[in-house]
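To start, the structure itself, in structure tokens.
The values are calculated or read from the model by the stated rules, or taken from the named source; none is laboratory data. Everything numeric in this text was worked out from a predicted model, so none of it was measured. For neighbour counting, all protein chains shown are included, and Cβ atoms are generated from backbone atoms with ideal geometry for every residue, glycine included. Note: accessible area is taken over every heavy atom of the protein model, side chains too, but ligands, DNA and RNA are not part of it. Shrake-Rupley method; radii C 1.70, N 1.55, O 1.52, S 1.80 Å.
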2 protein chains.
Amino acid sequence: MTAADSSNGSSLTGSEKEGLYKAIFSRRDVRSHFVDREIPDDVLLRILNAAHHAPSVGFSQPWNFILIKDRAIRQKVKESFLRERSRSISMLDGNKQRQKQYVSLKLEGILESAINICVTYDPTRFGPFVLGRTSIEETGVYSVACAIQNLWLAARAEGVGVGWVSILANEDLEKILAIPPHVKPIAYLCLGYVSEFAEKPDLERAGWLPRMDLASVVCYEQWGVHDSKSWSSLCAIMGKMSEGNREDNI
Amino acid sequence: MTAADSSNGSSLTGSEKEGLYKAIFSRRDVRSHFVDREIPDDVLLRILNAAHHAPSVGFSQPWNFILIKDRAIRQKVKESFLRERSRSISMLDGNKQRQKQYVSLKLEGILESAINICVTYDPTRFGPFVLGRTSIEETGVYSVACAIQNLWLAARAEGVGVGWVSILANEDLEKILAIPPHVKPIAYLCLGYVSEFAEKPDLERAGWLPRMDLASVVCYEQWGVHDSKSWSSLCAIMGKMSEGNREDNI
């Protein structure tokens, strides 16, 4: 835990910076390629500690991490997945091509991964007055999602793959994991060492959806404004990036 | 954008790993210490590109980033903050000590920072069928929060401070930034170079709330189980960490 203790105002070196970007750009939502290898305690601790050092509204730290190895519990979660997957498939009855593509995708590694982690949100933590949560209640949940992203990046840095299974019923998770009514499950994650991290996200590679241009999700001063005098040089760079991408796609 | 292009399955070196942890542990929610220095285009692009490479449910990339420099717009946002802050203060009428402490805290840097960024969520992006969002609708919003955490860490690595202002009315933001009804503001961020990143979070340092023990937010196999045979070695380490922290606090 040295890094946590020695946090300070110093700047990152070139290769330290590169490390952060490498983790961000090569992080994948992993559903296959899990290998049969346990995650050592010290590695898991670093990953959990990274999650625990996420930002949280009013410093409320409203997260919990339920670590799961038990096969019987995982089997029940898998059954929830299978039910929800069936429901999703029938939602695509009107689009047979999309449905066929959906069916072909591997969407979870509940049983193949080394461990599962359910991350939850407790809105009562340090409440009822949580500084900064009085105007926008949902900021509590956002804090937990930030913790999940920290966990994901730390896992990537450790060579551990993470897959987020969202094709599940929260009511099932609440029952299976004995989560009390005031606590909300946010994510169900599968963690394990992997034989590889894919070059691109599975859904991009499979042609499910394309990566959007950065330029198309950025606007200036107000919604929908893609050109601005006070942002002229950035606008120009963004424009060139989009052109480059269009050429790539030809 | 080299790091994005060269993302692959390779592992991180020791100092690259250290870089990720340094960013995670020394990231701060910054409200003061902003210095008068512009953020160069290439730095801002790297930060935005890191956000754009967050995980998203069904690869839906449902985020937008509204970049704001305009003083008049910022002034309006500041007024929303002041109204919401007053509301919060009156909520503490029954606890004068806490109220006094709240009033003493600096909670935003809307006007002092170099730029503001409003991050939004568009649930219609690539919809209506978004893979993996059919069972748990909120996963779309969680994706945006993960993007915010990527942005925050990249900014930290670049020496840029980020402050998340949550004491705002979303209705005000929608009006001020012309955000359409189907899009939801998720975060209002203030970005700028800073003279320092504080050793500890402001609210921890000010004694508003303590950092929780990691052990107290981790459980095993089911909610509330803090001791488990199949997790005995991790339980033992967690136990020792908690004891250590208790001694620190004496």
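Which of (1) closer than 30 Å to residue A:69 by Cβ; (2) open to solvent by less than 60 Å² (accessible area, probe 1.4 Å); (3) in contact (Cβ under 8 Å) with a residue 12 or more places away in the chain is the odd one out, the single condition residue A:184 does not satisfy?
(2)
Does any residue of the stretch B:1-14 turn out to be charged (D, E, K, R) and either under 27 Å from residue A:52 (Cβ atoms) or modelled with pLDDT of 95 or more (or both)? Explain how you work it out, then say what you get.
Step one: of the stretch B:1-14, the residues charged (D, E, K, R) are B:5.
When the remaining residues are screened for being either under 27 Å from residue A:52 (Cβ atoms) or modelled with pLDDT of 95 or more (or both), the result is none.
Looking through the stretch B:1-14, none of the residues is charged (D, E, K, R) and either under 27 Å from residue A:52 (Cβ atoms) or modelled with pLDDT of 95 or more (or both).
In contact with a His (Cβ under 9 Å, 6 or more places away or on another chain) and over 20 Å from residue A:147 (Cα atoms) - does that describe any residue in the stretch B:216-225? Before you say what the answer is, go through the steps one by one.
Applying the first criterion (in contact with a His (Cβ under 9 Å, 6 or more places away or on another chain)) to the stretch B:216-225 yields B:216-220.
Within this subset, residues satisfying the condition of being over 20 Å from residue A:147 (Cα atoms) are none.
No, because not a single residue in the stretch B:216-225 is in contact with a His (Cβ under 9 Å, 6 or more places away or on another chain) and over 20 Å from residue A:147 (Cα atoms).
Within the stretch B:192-220, can you find the residues that are touching a residue at least 40 places away in the same chain (Cβ under 8 Å), assigned to a helix (DSSP H, G or I) and more than 29 Å from residue A:180 (Cβ to Cβ)?
Hit for the stretch B:192-220 is B:202, nothing else.
Does the stretch A:205-221 contain at least one residue that is over 22 Å from the mean Cα position of the chain (by Cα), β-branched (Val, Ile, Thr) and facing chain B (nearest Cβ under 7 Å)?
Scanning the stretch A:205-221, I find no residue that is over 22 Å from the mean Cα position of the chain (by Cα), β-branched (Val, Ile, Thr) and facing chain B (nearest Cβ under 7 Å), so the answer is no.
Which one is farthest from the other protein chains (Cβ to nearest Cβ) among residues in the stretch A:86-121 that are part of a loop (DSSP other than H, G, I, E, B) and either closer than 21 Å to residue B:187 by Cβ or free of Cβ contacts under 8 Å to residues at least 12 places away in the same chain (or both)? I'd like the intermediate steps shown before the answer.
Step one: filter the stretch A:86-121 for residues part of a loop (DSSP other than H, G, I, E, B), giving A:92-95, A:105-114.
From what's left, either closer than 21 Å to residue B:187 by Cβ or free of Cβ contacts under 8 Å to residues at least 12 places away in the same chain (or both): A:92-95.
Values: A:92: 7, A:93: 11, A:94: 10, A:95: 8 Å.
Going through the qualifying residues, I end up with A:93.
Hey, among the residues in the stretch B:67-83 that are of a type in the set (A, V, I, L, M) and outside any strand (DSSP E or B), which one's nearest to residue A:235 (Cα to Cα)?
Only one residue tops the list, namely B:73.
Do you know which residues across the stretch B:21-52 are more than 8 Å from every other protein chain (Cβ to nearest Cβ), farther than 28 Å from residue A:237 by Cα and not in a loop (DSSP other than H, G, I, E, B)?
Once the filter is applied, which keeps residues that are more than 8 Å from every other protein chain (Cβ to nearest Cβ), farther than 28 Å from residue A:237 by Cα and not in a loop (DSSP other than H, G, I, E, B), the stretch B:21-52 yields nothing.
Read through the list (1) touching a Ser or Thr at 6+ places or on another chain (Cβ under 7 Å); (2) over 18 Å from residue B:60 (Cα atoms); (3) in contact (Cβ under 8 Å) with a residue 12 or more places away in the chain, then give the number of the only condition that residue A:147 fails.
Of the numbered conditions (1) touching a Ser or Thr at 6+ places or on another chain (Cβ under 7 Å); (2) over 18 Å from residue B:60 (Cα atoms); (3) in contact (Cβ under 8 Å) with a residue 12 or more places away in the chain, the odd one out for residue A:147 is (1).
Could you check the stretch B:224-236 and list, in sequence order, the residues that are open to solvent by 60 Å² or more (accessible area, probe 1.4 Å) and under 29 Å from the mean Cα position of the chain (by Cα)? Walk me through it before giving the result.
First, the residues of the stretch B:224-236 that are open to solvent by 60 Å² or more (accessible area, probe 1.4 Å): B:226-227, B:229-230, B:232-233.
The one that is open to solvent by 60 Å² or more (accessible area, probe 1.4 Å) and under 29 Å from the mean Cα position of the chain (by Cα): B:226.
If you take the residues of the stretch B:127-170 that are of a type in the set (A, V, I, L, M, F, W, C), within 21 Å of residue A:143 (Cβ to Cβ) and part of a loop (DSSP other than H, G, I, E, B), which of them is farthest from the other protein chains (Cβ to nearest Cβ)?
B:165
Which members of the stretch A:177-190 meet the condition of being more than 8 Å from every other protein chain (Cβ to nearest Cβ) and among the hydrophobic types (A, V, I, L, M, F, W, C)? Before you say what the answer is, go through the steps one by one.
Pass one, the stretch A:177-190, residues more than 8 Å from every other protein chain (Cβ to nearest Cβ): A:181-182, A:184-185, A:188-190.
Once the filter is applied, which keeps residues that are more than 8 Å from every other protein chain (Cβ to nearest Cβ) and among the hydrophobic types (A, V, I, L, M, F, W, C), the stretch A:177-190 yields A:189, A:190.
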